[in-house]
Structure formats: structure tokens, C-alpha cells
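Take a look at the structure below.
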Amino acid sequence: MVEGFEVGGVPFNPDGWGPPDSATTPTTTSNLPLNVPFAPFSRADKLGRIADWTRTFNNPARSKNPSDSVFDFSNDESFPASADDDASFRLVDGKPPPRPRFGPKWRFQQQRQLPHRRDEEVEAKKREAEKERARRDRQYNMNRSNVNVPRREAAVFKSSVDIQPEWNMLDQIPFSTFSKLSFSVPEPEDLLLCGGLEFYDRSCDRITPKNERRLERFKNRNFFKVTTTDDPVIRRLANEDKATVFATDTILSTLMCAPRSIYSWDIVVQRVGNKLFFDKRDGSQLDLLSVHETSQEPLPEAKDDINSAYSLSVEAAYINQNFSQQVLIRDGNKVTFDEPNPFANEGEEVASVAYRYRRWKLEEGMYLVARCEVQSVMEVNNQRSFLTLNALNEFDPKYSGVDWRQKLETQRGAVLATELKNNANKLAKWTAQALLASADLMKLGYVSRVHPRDHFNHVILAVVGYKPKEFASQINLNTNSMWGIVKSIVDLCMKLNEGKYVLVKDPSKPQVRIYEVPPDAFENDYVEEPLPEDEQVQPPTEDGQGAEPNAAANDVEDKEVEATQA
């Protein structure tokens, strides 16, 4: 039998809510504990929260909620134990313990929490770079004849000579075989020196971008680009059996630096009896200077564009000629040699140049004679030193990425490194020609356009001198490797029958092809040029055969100036 549960008396408070005062009900409330506080509550509070005596507030790390103060009985005299504990407790630090700053979780969380601060200068430079890149892209697309045409391989990389159907290809030599060749030749001997040299003007070494010098035009001085078989001195040496192989320094340097070439070139080989002659065609690419040949930046493909590969080659050739004469002391004092210039007529004003006919021994009974050129001379420690003079030209800083006017004084090494990257073949050929001529010094001029769209007027920004052997080692040009290429091609051509042949650098592959051509090939009545003469770009400076077109161009410029002034 279950006993009944006695609830007890519940006091009644007629004055309001809550238990009555103990003074008014001394008898009915005797069964209740004394001094128990009444906790007022809201209807929004949970029932378990109204009378929660299990909570403790001794944890300093716990955040205090104002609504929890009604449940804090620490100050009540009914709980003496808690009062003693609070008297002995002292708060040391109310901050939470620091979190460990390691581990991938903390790293990624911190990255999300950190504010993204941006440097104004960096952002401004990025915006300027984007604008410049967009402008270059627009300019590049405007210069192209057709935007949908592939990159410059199709237009620029074409053969330097039209391959005729009757030509017979005998062999093709990849450039990879040239890297393994090596041949050492003894020191050459000078057979003859012709021409006359003017002294170098040392004040040109002090030219700076801030003290630039205008490039002059030398209309009255004649420059000669005579091939091997048309040279009367070489014919005389061949009749005297002085050698077996004959060439010029331009042709030899082209063969020596063939692995660095990108554009197509061709060399005519004539086997006459037991002799071998290396020639170039009239109007050959060897007479011009390539520009940005080894650069990755594409040039405009339209041939009549002033920045096309052909137009820049013509411009560079005439800049090189004028520069080689401007840096001389033109006071009439010349150093003469055994014979005068073999190509000049009597009374004709010729450029300062000396021809050194030199002979190298390739093997027993086989000698090579080459005509080498030097452009100037100067006295160093009472000794005569020969100089070669060449000019690098800047046409538009957007293509190279380096502005010479800003970088030449402070970062000349960076400018030279950029030129070595964009014109590796041209600089290697100049170095090879200086080595063949045993020049003591090679002077490189930095010539730039007055304005990027003006290809008629130029200024000299600087002139720097280098020793050929040191410069060759700097650009990784090995003399034994160069002569190894020449020796291998000579041995290959000596095995051919008598006749005429042509070496053609493949326009799209790193290899050389040998063709057997008819005896009348490349004669005056033989058509081999891809474009007729009237469609070719006229040279930008006045000199020799190009004087009339340049005079017409100057007349047009004068008329435009007069119209503007009017």
C-alpha cells in the first residue's frame, strides 16, 4: 500500500505575487528554508533557467551575462562556503589563452580574416603596364596586313633566292652537325694591303645620350661591296696559285656563324679546276644587315612598312656606312698601304677602308685566301692599331623593351645583353670579321632614330670599344668551332665536279642545302629575285645608287614643310 505524499501548506499572499513576508506568516511558513531569494523571471526565459542552482561563476574565462546575475548566490549569507571561496579568489587575467599560430588551419583562417590592403603605387604601375601592353597589341595589329595570318614565319622566313625547278639538290647539312666540329688553323700571313685609312676620332668615345651627336650622310663617298670573283686582286692571286680557296670576310663570317642564323641566306660556290671560289649574288642579303633576327618579338610583315625586316635591313646598312665615316678625323691625313683601293677610279672619293688579303693554311697543299676589311686606325703607345667600326640601331623601344636614351648611361650592360639576344647573328658576324682581319679593337656605336616613325634622321647615343677576342669569349664564339664549319664545307665542295653550286640556308629549318645550278645562273639576264626592283623599298639615306630616290624623298619632305608653314 502506497503512503500518501504530504505537500504541506502553501501560504497565500493577498498583497501580490510571490511568498508573503515572514513577519506576517510566522506559523504557515515555518517549513520553508529561511533567506531563500526569489528570482524574478520573464516569460521568454526557459523553465530550467528560472531556478538553476547548478551554475557556477568561478570560471574567469566564461563571459558574464547580465541576465545571469539573478542566479548568483555568492553574496547570500545562506551559503557561507561560497562566501569563503570568493574571499580567497583573486582575478589575475581575464583574457582568453592565445591560440597556437601554426598549422594549416590557422594559416588559412588568418588569411581570410586579414584585411586586403593594396599598395597604391603597385596598383598604379600594374595599370600602366596593362595600358602599355594593350597599346602595343593595338599597334602590332595595325602594322599587320592581315590579323588572321599566322606569326612571322610565313612572310619573313622565306628563301633568299628562288629555287628553280631545274636545280638539283645534292645534300643538306643540319646545323646540329656543326656544333661538333673543331679545327685549328695557324696564324695567317698578309699577302697584300690595299686602300687607305683615316684616324679614329677619340672624342666620339665621350658621346652620351645627353650629349648625342647627329648622324651625318656621306653622299660623295663610295662604298664597295665587291664579290670574290670580281676582285682584281683575288684574280691575280689565283693566277699566281697563291691558294686553293678564295672568299671574303663577309662570306666566311656567314659560314662561321651559320648556326646562329634565322633568316635565309645563300652563297654561290664555283669550282674551277682545282680551285674553289665562294661568291655572293648581286643584291644579295649578305650586303644588308639583319635587324632583330633572333628576337621573339614579331616584326611587321608588310615589306613597305618602315619597321619590316627588309626595310630595317636597308636602314641598318646605310646607318653602318655613315657611322663608319663620321667617327673619323676627316682632315685629309690618311695611312696608305702597298696599293690604292682596287675598286676605285682615279680621282674618286672613297670611304676609309683598308683591305687585308690574308692566307690561312687549311691542310698540306690547301690554302685559303680571304679579303678582310678594317675601317680605321689609331696610334696606341706609338703603335698602329686597326679598328673595325659598326653600328647597332634602335628603331622603336617598344620592340626591344629597352629605351637606349634612358638605359645607356646607367645600364649599358643590360642594353648590350638585349642586343645580344635580338641580334646574336649580326654581332657574331661582326666579331668574326674583326678576328679574321686581326683588328686590335672593334667599336660599336649605338644609333637611334630621332623619332620612332622617322627612319631618315638618326643620332649617335654612344660609342663603346671592345677587344675582339674578349668579346668573342663573352658571346660564346669559339674560333676552332668557326674554322671547323669552314673546313667541313670546303672539304665537301672540293669533292664536287667542276661547275656552279649554291649554298642556301633553309628558310624554316636549321640546315643548309647544296644545289647544283646551271652555269648561267645569277647572271644579268637570269631572274632570281622574288620582287622586281621597282617594288623594293628604297634606301633611307642618300648614297651611291640610292641618291636619286632619296633626293626625291627629300623633295617631298621639303614640300610638306612648306605646305605646313603656309
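Of note:
- Given K429/K505; K225/K509; K225/K361; K242/K361, the pairs whose alpha carbons are separated by over 18 Å: K225/K509; K225/K361
- Of the residues R371, R271, R206, ranked by 1.4 Å probe accessible area with the largest first, the sequence reads R206, R271, R371.
- Total formal charge among the other residues, if their Cβ is under 10 angstrom from that of Y399, Lys/Arg +1 and Asp/Glu -1: -1
- Calculated SAXS-style log₁₀ I(q)/I(0) at q = 0.11, 0.19, 0.27, 0.28 Å⁻¹ - the stretch 264-337, Debye, Cα scatterers: -0.50, -0.90, -1.22, -1.26
- Cross-link table K158/K469; K131/K443; K398/K443, entries beyond 30 Å C-alpha to C-alpha: K158/K469; K131/K443
- From phi via Karplus (6.51, -1.76, 1.60), per-residue ³J(HN,Hα) for the stretch 250-264 in Hz, x at Gly/Pro: 5, 5, 5, 5, 5, 5, 5, 9, 4, x, 8, 7, 10, 6, 6
- Applying the Karplus relation 6.51 cos²θ - 1.76 cosθ + 1.60 with θ = phi - 60° to the stretch 459-469 yields 3J(HN,Hα) values of 10, 8, 9, 6, 9, 10, x, 9, 7, x, 5 Hz, where x marks Gly and Pro.
- Over all other residues within a Cβ to Cβ distance under 15 Å of K495, the charged ones net out to -2, with Lys and Arg as +1 and Asp and Glu as -1.
- Residues whose amide H comes within less than 5 Å of that of H458, counting only those at least five positions distant or on another chain, are L215, V450 (H built at 1.01 Å from N in the peptide plane).
- Carbon/sulfur fraction of accessible area - the stretch 168-517, other protein chains in place, 1.4 Å, %: 44 percent
- Prolate/oblate/rounded label for the stretch 168-517 (Cα gyration tensor, a/c 1.5): oblate
- Options P340, F223, T418, ranked by Cα towards positive dipole end of the stretch 168-517, top entry (Cβ charges): T418
- Relative contact order (%) - the stretch 168-517, alpha-carbon pairs under 8 angstrom, separation at least six: 32 percent
The values are calculated or read from the model by the stated rules, or taken from the named source; none is laboratory data. If you're wondering where the values come from, they're calculated on a predicted model, not measured in any experiment. Glycine gets a Cβ as well: all are built from the backbone with ideal geometry, and neighbour counts include every protein chain shown. For accessibility, only protein heavy atoms count, side chains too; no ligands or nucleic acids. Shrake-Rupley method; radii C 1.70, N 1.55, O 1.52, S 1.80 Å.
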